Amino acid sequence: METNIVIRGGYGFGNFGDDALMYTIVKELNEVSTDIVLLCQSASYINNILPGVKVMDYHKLKEPVNSKLLVYGGGTQFYQFKKNTFSKGLKDKIFNLSHIKNYIDKRIVKKNFIENKFQISNYASHIALVGVGVGPFDIENSTIEKKTGELFAKAEFVGVRDEFALRKSREWGVKKPILSPDICYSFKSHFLDSYTNEAKEIKKIGVIVRDWNYANGGGEYYEKLQHATEKLKKDGYEIKYILFDAESDSYWYSKKDKLDMIIWNPEKDKFDSFLEDISKCDLFITARFHGAIFASLLNTPFITIEVEQKLKFISETYSESSYSWGNPFDLEDLYSKISLLNENYVQRKTYLTQKMLEFKTLSDQMFLKLKEYYNQLQ
């Protein structure tokens, strides 16, 4: 099979952030070519979001997909965590038929097909990495880190979303990497175009949660956060839990009947209606990186739950309107951060909006460079 552009990403798993990444990059690259194939997890809902787009299941590649340009489209596609030996969501996954099927596909079936992250680059005339994050690589000098470095070194267009990825790309021999923010800053939405955050103080808090089964202690926040939100409700705050990924976050999904929860369902939901639902929050506490990105797009201060390094990075980027809450997840520390953000709330919101608009401009400029690059390819 041959095509103009192949976009490889962690799409098709029903994760709101990755669905927004997928939508954004396809819409941008459609301006230079309609001959595009998505290389990702195959899912029927993708055609609800992007009608008519061609999808190839990257778990079941029987033959090469040759392309003029292979694009690694946003997100953290290159990393290696140490797994916990015990997962809080393990019981829910054992009885989840979808999880069992995915496990079999990944561990057994995939051995019969082309490897979809690194090997696929051998069939592309040109390679671009767009708005990607990297790491952490918890296993020193791992094969995955070595292969990632080799891929970056042979790519002709490299756009990374943070200083850590910029530094790593230079270590790997990339001569002119572009530092640009997450590509969701170029996300187009009728709702966002007309939205204004008029809040004057924090009354309603959106809590964006995720399962975390890696061995860095990030998953220790579960019970402490639930205890904190009960106290915050007693203190007069309205609390709304938000789940970006019902399938992967089995622990939190099992709490949906106990907790007041908004859940992204790509089979039914539209981006605009989901954003309208969560926009009613005056503060976000988020364990999801794209929770922070969309908090900024909604002009709303946020606190990141530091389960991994990129959540600390994004919080530091918005230092005047965000804090990071990290291990050991002290409750008094969280309450203090909420109080601090409530002080001069309007000014903090103004700072955040100014910073967000800078990032939108940088992301749009990165896409202009990418399209110029594509148009000069032979």
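Among the residues of the stretch 139-191, which ones are acidic (Asp, Glu) and part of a helix (DSSP H, G or I)?
Answer for the stretch 139-191, where residues must be acidic (Asp, Glu) and part of a helix (DSSP H, G or I): GLU145, GLU150, GLU163, GLU171.
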Can you name the number of the only condition in (1) surrounded by 24 or more Cβ atoms within 10 Å (Cβ to Cβ); (2) within 19 Å of ARG210 (Cα to Cα) that LYS310 fails? (1)
From SER186, SER169, which residue is over 18 Å from LEU29 (Cα atoms) and of a type in the set (Gly, Ala, Ser)? SER169
Among the residues of the stretch 56-73, count how many are modelled with pLDDT under 95 and either outside the structural domain of GLU156 (by TED's automatic domain parsing) or of a type in the set (Phe, Trp, Tyr) (or both). 1
Can you find a residue that is of a type in the set (S, T, N, Q) and free of Cβ contacts under 8 Å to residues at least 24 places away in the same chain anywhere in the stretch 291-311? yes
Which members of the stretch 165-204 meet the condition of being closer than 16 Å to GLY74 by Cβ and among the aromatic types (Phe, Trp, Tyr)? TYR185, PHE187
Condition first: within 30 Å of GLY135 (Cβ to Cβ) and of a type in the set (Phe, Trp, Tyr). Can you find one or more residues in the stretch 201-216 that meet it? yes
Can you find a residue that is among the hydroxyl-bearing types (Ser, Thr, Tyr) and either at pLDDT below 95 or more than 18 Å from GLU332 (Cβ to Cβ) (or both) anywhere in the stretch 229-243? yes
Looking across the stretch 12-43 at residues that are over 26 Å from GLU372 (Cβ atoms), polar (S, T, N, Q) and crowded, with 19+ Cβ neighbours inside 10 Å, the single one that is modelled with the lowest pLDDT is GLN41
Search result, residues across the stretch 363-378 that are assigned to a helix (DSSP H, G or I) and either surrounded by fewer than 18 Cβ atoms within 10 Å (Cβ to Cβ) or touching a Cys at 6+ places or on another chain (Cβ under 6 Å) (or both): ASP364, GLN365, LEU368, LYS369, LYS371, GLU372, TYR373, ASN375
Residue list for the stretch 232-246, restricted to those being among the charged types (D, E, K, R) and loosely packed, with under 14 Cβ neighbours inside 10 Å: LYS233, LYS234, ASP235
Determine if the stretch 311-328 includes at least one residue that is at pLDDT below 95 and in contact with a Pro (Cβ under 6 Å, 6 or more places away or on another chain). no
The stretch 192-208, residues that are over 30 Å from GLU223 (Cβ atoms) and in contact (Cβ under 8 Å) with a residue 24 or more places away in the chain: LEU192, TYR195, THR196, ASN197, LYS200
Kindly indicate whether any position in the stretch 216-235 is under 28 Å from LEU21 (Cα atoms), in contact with a helix residue (DSSP H, G or I) (Cβ under 6 Å, 6 or more places away or on another chain), touching a residue at least 40 places away in the same chain (Cβ under 8 Å) and not β-branched (Val, Ile, Thr). no
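The values are calculated or read from the model by the stated rules, or taken from the named source; none is laboratory data. All values derive from a computational prediction rather than experimental measurement. Here Cβ is always computed from backbone atoms with ideal geometry, including for glycine, and neighbour counts include all displayed protein chains.
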